[in-house]
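Peer 1: For reference, the structure I am asking about is given below.
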Amino acid sequence: MTSLRDEIADGVGRLEQLLEKLPDVVARGVKDRLEELRLLLLEQRPARLVLVGRRGSGKSSLINAIFGHPVAEVGHEKARTGRGRWWTFHGGLGAIDILDTRGLQEGSAPEQGDSARTPLSSVLKAIDEKLPDAVVFIVKAKEVDAAIDADIELLQEISHEVNRRGRFQIPIIGVVTHADELEPKNVKLHAPEHEDARDVEEKLERVRVIESLLHKRLRDSRLKDQVVTVHAVSSYQSFRPDGSRRADERWRIDELIRFLVLELPREARVETARLSQVRSVQRDIANTLTNVVASLSAGIAAVPIPIADIAPLTSLQVSLIASISYLSGQRFGTKAAVEFLAGMGLNVGAGFVLREATRGLLKWVFPGAGSVVSAAVAYAGSYAVGRAAMAYFIDQVSLEEAKSRFQRAREEAEHQDPTAGDPE
Ligand SMILES: Nc1nc2c(ncn2[C@@H]2O[C@H](COP(=O)(O)OP(=O)(O)O)[C@@H](O)[C@H]2O)c(=O)[nH]1
Ligand SMILES: [Mg+2]
């Protein structure tokens, strides 16, 4: 049995073949979009992050804050062996690969010897194995003005080695943790509605000062062109022994995830947006997917192809639905997508068969289409399918509402000609 992913790969492959027949100028734009889609949908992998931060700075807590549930052990561990190797953290919805540099900044020796000669060389070995996507530099709010020179030095070394191997400037994201512990200490940043507004403002001002201090330190280093942002957070969550959450004092983690996902290569975006369960981030990615598929559809239809050849286009739309459902946390290509299609008025069998869905979708999205589908209609159809799927899976509106969003989106999009240049 072929998986839905195989079918998507097959669909993308068939589109590529179709493009072979087209003049280069026409095909180029479409090819770029197809490549983007391939990276987003077919080459998915976990994000690879290097975490640089001292013991107790909040590395494990930050990982848990991103997942929203405990995946990494928080607490007082001794520096132990394993420095300089990749760890995969699995949540219910996805994974992140972390290169732990723990031990490099710390005095205490690891419990067991490391085969590599120096601590840094073990990190370099790990980098040879897999190139990281981004470096996350973690500093406790109250330690920003303490001696972080050595940490920045280490950051420079790691980044230099990554740059040399990958010939790209690895993005660096500075994270100030424990922002909640700044004065006035008892003012809750995660629940400011119960606080005196002046107290909150005073605390926020301190947060901004610390952020710009760290930013300045990084800007003054050789890393200045690689620093994407410095972002203060609180990662604090508390879990009961049974794993249920006792306290959630996370603050500005959503925004951090947004910065992070934007810096990731396309292959790692869907996975990370999915596991984070941050809707705004999922919406961003779903939007990108929808726009790519919509312009791809327009590009394909702009080349007059007979209606019989429109199948790759509808299979693209089914892929879009399945992918948005996956992004939202559903299992890939299962019941949820079928329910959606059925709810939209499509008769799909119990088993999710892409070709069957494709045939149904054809009639639904292009009712009464003549011998060709125009670029504008193709664009609007795909755009509306994406919109409806987003509304249903990410914003969790009813099927009824998703249906009316589909109609509205299609009407909206039909009035824009996707192939037209700028209006005069
Ligand atoms: N108040 C507060 N405590 C935090 C925060 N991040 C981590 N902690 C606490 O700091 C301690 C060390 O955190 P941990 O994640 O184990 O640090 P690691 O050694 O860098 O992995 C733990 O007691 C965490 O609960 C934060 O943002 N705010
Ligand atoms: Mg830890």
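Peer 1: Select from segment 27-52 the residues that are of a type outside the set (D, E, K, R) and more than 18 Å from the chain's Cα centre (by Cα) and write down the one among them that is farthest from G174 (Cα to Cα).
Peer 2: The qualifying residue farthest from G174 (Cα to Cα) is A27.
Peer 1: Then there's this: Going through S398, S371 one at a time, which residue ends up being exposed (fewer than 15 other Cβ atoms within 10 Å of the Cβ) and modelled with pLDDT of 80 or more?
Peer 2: Answer to the check: S398.
Peer 1: Which residues, counting only those in segment 20-60, are more than 16 Å from ligand 2 (Cβ to nearest atom) and among the aliphatic types (A, V, I, L, M)?
Peer 2: Hits for segment 20-60 are L22, V25, V26, A27, V30, L34, L37, L39, L40, L41, L42, A47.
Peer 1: Let me ask another. Could you list, ordered by first residue, the pairs with Cβ atoms under 8 Å in which the first is in segment 37-62 and within 9 Å of A268 (Cα to Cα) and of a type in the set (G, A, S) and the second is away from ligand 1 (no atom under 16 Å from the Cβ) and part of a helix (DSSP H, G or I), at least 6 apart or interchain?
Peer 2: A47/L260; A47/A268; A47/E271; A47/T272
Peer 1: If I filter segment 140-181 down to residues being touching a residue at least 40 places away in the same chain (Cβ under 8 Å) and charged (D, E, K, R), which single residue comes out as nearest to ligand 2 (Cβ to nearest atom)?
Peer 2: Of everything passing the filter in segment 140-181, K140 is nearest to ligand 2 (Cβ to nearest atom).
Peer 1: Moving to a separate point now. Within segment 50-71, track down each residue that is more than 14 Å from W87 (Cβ to Cβ) and within 6 Å of ligand 1 (Cβ to nearest atom).
Peer 2: Of everything in segment 50-71, those that are more than 14 Å from W87 (Cβ to Cβ) and within 6 Å of ligand 1 (Cβ to nearest atom) turn out to be G53, R55, G56, S57, G58, S61.
Peer 1: I need every pair where a residue in segment 247-258 that is assigned by TED's automatic domain parsing to the domain that holds K188 and under 19 Å from Q282 (Cα atoms) has its Cβ under 6 Å from the Cβ of a residue that is more than 9 Å from ligand 1 (Cβ to nearest atom) and in a helix (DSSP H, G or I), sequence separation at least 6 or different chains.
Peer 2: The qualifying pairs are I257/S276; I257/V281; R258/V281.
Peer 1: Condition first: among the charged types (D, E, K, R) and exposed (fewer than 12 other Cβ atoms within 10 Å of the Cβ). Now tell me which residues in segment 161-214 satisfy that.
Peer 2: R164, R167, E183, K185, E193, D196, R198, E205, R208
Peer 1: Which one is nearest to the chain's Cα centre (by Cα), of the residues in segment 126-150 that are closer than 12 Å to R217 by Cβ and assigned to a strand (DSSP E or B)?
Peer 2: Ranking the candidates gives F137 first.
The values are calculated or read from the model by the stated rules, or taken from the named source; none is laboratory data. None of these values were measured; they are calculated from a predicted model. Here Cβ is always computed from backbone atoms with ideal geometry, including for glycine, and neighbour counts include all displayed protein chains.
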